[in-house]
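The values are calculated or read from the model by the stated rules, or taken from the named source; none is laboratory data. Here the structure is a predicted model, which is why all the values come from computation and not from measurement. Here Cβ is always computed from backbone atoms with ideal geometry, including for glycine, and neighbour counts include all displayed protein chains. These area figures cover heavy atoms from the full protein model, side chains too; ligands, DNA and RNA do not enter into them. Shrake-Rupley method; radii C 1.70, N 1.55, O 1.52, S 1.80 Å.
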Amino acid sequence: MADLDPTRRYRFSPCMHTLPASFLDELFRVSAVPGIISFAGGLPDASLFDFEGIRRATDAVFEEHERSALQYTTTDGYRPLREIIARRYYTRLGLQISPDEIQIVNGSQQALDLTAKILSCPKDTILIERPGYLGAIEAFSFYCPRLQPIPPDEEGPCLDALKTALISDDPVFLYGIPNSQNPSGCTWSQSRRKEVAELLEGTGCLMYEDDAFGELFFDGKPRQPVMRHLPDQVMMSGSFSKVVAPGLRIGWIRAPAPVLAAFNRAKQAADLHSNLFSQMILTEYLTRYNPDERISVMRREYSERCHLMIDLIEDLLPDSVSHTHPVGGMFLMLTLPDQMHSMEIFKKGIQEGVAVMPGVPFYVDGGGTRTLRLNFSASSHEQITEGMQRLARVFQGL
Ligand SMILES: Cc1ncc(COP(=O)(O)O)c(C=O)c1O
């Protein structure tokens, strides 16, 4: 962790000194350099947002709700929006979820923060996939937990490692992304979801199932969540960021009633409620326009970009570089041969005009020096082609 204040003038809480160093500032700085093609970030493509539809929904909110759209509201969130979310669980997955089981949050990122806040004490163990989502690692770290990584096999988190950790570490929760994981792009098999639920059942360990990408399977077929097998022990978050627009900052969490009540207390203390205006716009938008058509365009587009990137990896990069095979989402991961280091590729990539994300920050126990995360959603076909050629030159120069 960098020294927060070399002058020693300001005092910070002890946990600020144990946070992992943030690599993101450096990444954003270099990615913003003009001419750089960035595969390092994680943005959806803004050209796919329904700008006109959201504009019209905004006008309709002013017409219909007038000043009440600008008022304070309750912490749990705008009920019509929670009803839409509950209905979508039924139409997409056949799950019977009541709107009362759902809490709206400021993007699902907020749910990560509040979950660690309500469930963990300093030094408690939180289990996280290896590699894990950086935003979760950062959010959890503020509560000074022991982050215990669970390595994957071809089907999802390795069951033996999970079993051992459940017995020896008394974890408070397991955090996982079964659908198109960030950063690896991997998806858990259906059977692994059931097996994980079976292992967790009856232990004191909850699961936080992060479903940021569940609507972005390239084949459009939804996968059943772990929550289906263990509703009383699984909390699950979702988000409109990838399928409508991240700037609205609207996500949600579905949790068992006592957990949701605790969560609601924490949310109230943190910010009273999520932006009511955004919630109303989203409700209006989802009611007027069927988002599924647009989501299927996103799926098709991201699928093409992913496959283009994979073709170029296989054509242009050395055979010793392997890659994951995403079936949805926005990321894939490269594994480099032994002698290469992801930081070196990152630095040389910047000189060559392409930004990639080194794997190191995704590994809470060290490691990741031979992995790179590549984002394919934010770049056009031309940018992917040019960016991969630049990346190929980096490898040729090593
Ligand atoms: C796996 C995962 N979870 C949660 C989030 C947070 O998204 P948001 O707060 O926009 O819902 C992201 C953002 O990229 C993500 O990749």
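Relative to the current alpha-carbon distance between Thr91 and Arg288, full extension at 0.36 nm per residue lengthens the span by 69.2 nm.
Let a ≥ b ≥ c be the square roots of the eigenvalues of the Cα gyration tensor of segment 51-288; is it rounded (a/c under 1.5), or, if not, prolate (a/b larger than b/c) or oblate? Prolate.
Hey, how many Å between the Cα centroid of segment 4-22 and the Cα centroid of segment 292-330? Cα centres, segment 4-22 to segment 292-330: 40 Å. Per residue, the average separation of C-alpha pairs within less than 8 Å and at least 6 apart gives segment 51-288 a relative contact order of 28 percent. Please name which of Gly251, Val172, Phe213 has its Cα lying farthest along the dipole of segment 51-288 towards the positive end, using unit charges on Cβ (Lys, Arg +1; Asp, Glu -1) and the Cα centre as origin. Looking along the dipole axis, the top candidate is Gly251.
For segment 296-370, a simple Cβ point-charge model (Lys and Arg +1, Asp and Glu -1, everything else neutral) yields a dipole of about 280 debye relative to the Cα centre. Segment 238-289 and segment 374-398 have their alpha-carbon centroids 36 Å apart. Only the Cβ atoms of Lys and Arg (+1) and of Asp and Glu (-1) were treated as charged; on that basis the dipole of the chain about its Cα centre amounts to roughly 700 debye. Taking 0.36 nm per residue of separation and subtracting the Cα-Cα distance, full extension of the segment from Met16 to Ala257 would add 83.6 nm. Among the listed pairs Lys163/Lys221; Lys123/Lys242; Lys221/Lys242, which have their C-alpha atoms separated by more than 26 angstrom in this model? Pairs exceeding 26 Å: Lys163/Lys221; Lys123/Lys242. Relative contact order of the chain: 23 percent, from C-alpha pairs under 8 Å at least 6 residues apart in sequence.
Counting only protein heavy atoms, what percent of the accessible surface of the chain is carbon or sulfur at a 1.4 Å probe?
Details: 9330 of 17850 Å².
Looking at the chain in its full context, I get 52 percent from C and S.
Assuming charge only on the beta carbon of Lys and Arg (+1) and of Asp and Glu (-1), the dipole of segment 51-288 about its Cα centre is about 300 debye to the nearest 20.
Taking a span of 30 Å or more along the helix axis (Cα atoms) and a mean Kyte-Doolittle hydropathy of at least -1.0 as the rule, the DSSP H helices of the chain that qualify are 291-316. Taking each residue as 0.36 nm, the span from Thr74 to Asp25 lengthens on full extension beyond its C-alpha to C-alpha distance by 14.2 nm.
How much FRET efficiency would the formula 1/(1 + (r/R0)^6) give for Gln396 and His307, where r is the Cβ-Cβ distance and R0 is 25 Å, rounded to 0.05? Each step should come with its number before you reach the end.
Values: r = 24 Å, r/R0 = 0.94.
Working from the Cβ atoms, E equals 0.60.
Sites listed here are trypsin sites (Lys or Arg not before Pro) in segment 92-123 whose DSSP assignment is loop and whose Cβ has at most 12 other Cβ atoms within 10 Å: Lys123. Listed by chain and number, the aspartates and glutamates whose C-alpha is less than 16 Å from the C-alpha of Lys267, apart from same-chain residues fewer than 8 away, are Asp76, Asp100, Glu101, Asp113. For the residues Ser380, Ser47, Ser120, a GNM of the chain with alpha-carbon springs under 10 Å puts the largest fluctuation on Ser47.
Label the chain by shape, choosing from rounded, prolate and oblate, from the square roots a ≥ b ≥ c of the eigenvalues of the Cα gyration tensor; if a/c is under 1.5 it is rounded, and otherwise prolate applies when a/b is larger than b/c, oblate when it is not. Rounded, because the longest to shortest axis ratio a/c is under 1.5.
Neighbours of Gln109 by Cβ distance under 14 Å: Lys/Arg scored +1, Asp/Glu scored -1, total -1.
Segment 170-184 and segment 56-111 have their alpha-carbon centroids 25 Å apart.
What does the helix-only formula give at 222 nm for the chain: each DSSP H stretch with n ≥ 4 adding -39500 (n - 2.57), the total divided by the residues, and the result rounded to the nearest 500 deg cm²/dmol? Spell out each step's value before the answer.
On the way: 13 runs with 165 residues, N = 398.
Helices in the chain give a 222 nm mean residue ellipticity of -13000 deg cm²/dmol.
Note on the chain: antiparallel DSSP beta bridges, both residues inside, total approximately 50 percent of the bridges counted. Ranking Trp188, Gln279, Leu70 by how far each Cα lies toward the positive end of the dipole of segment 51-288 (charges on Cβ) leaves Leu70 at the top.
Over the chain, average the accessible area per residue using a 1.4 Å probe and give it in Å², no decimals. Kindly include the intermediate steps, with their values, before the conclusion.
Numbers: 17850 Å² over 398 residues.
Normalised by residue count, the accessible surface of the chain is 45 Å².
Decide, for segment 70-199, between rounded, prolate and oblate: order the square roots of the alpha carbon gyration tensor eigenvalues as a ≥ b ≥ c, take rounded if a/c falls under 1.5, and otherwise choose prolate if a/b is larger than b/c, else oblate.
Numbers: a/c = 2.12, a/b = 1.37, b/c = 1.55.
Since a/c reaches 1.5 but b/c is at least a/b, the shape of segment 70-199 is classed as oblate.
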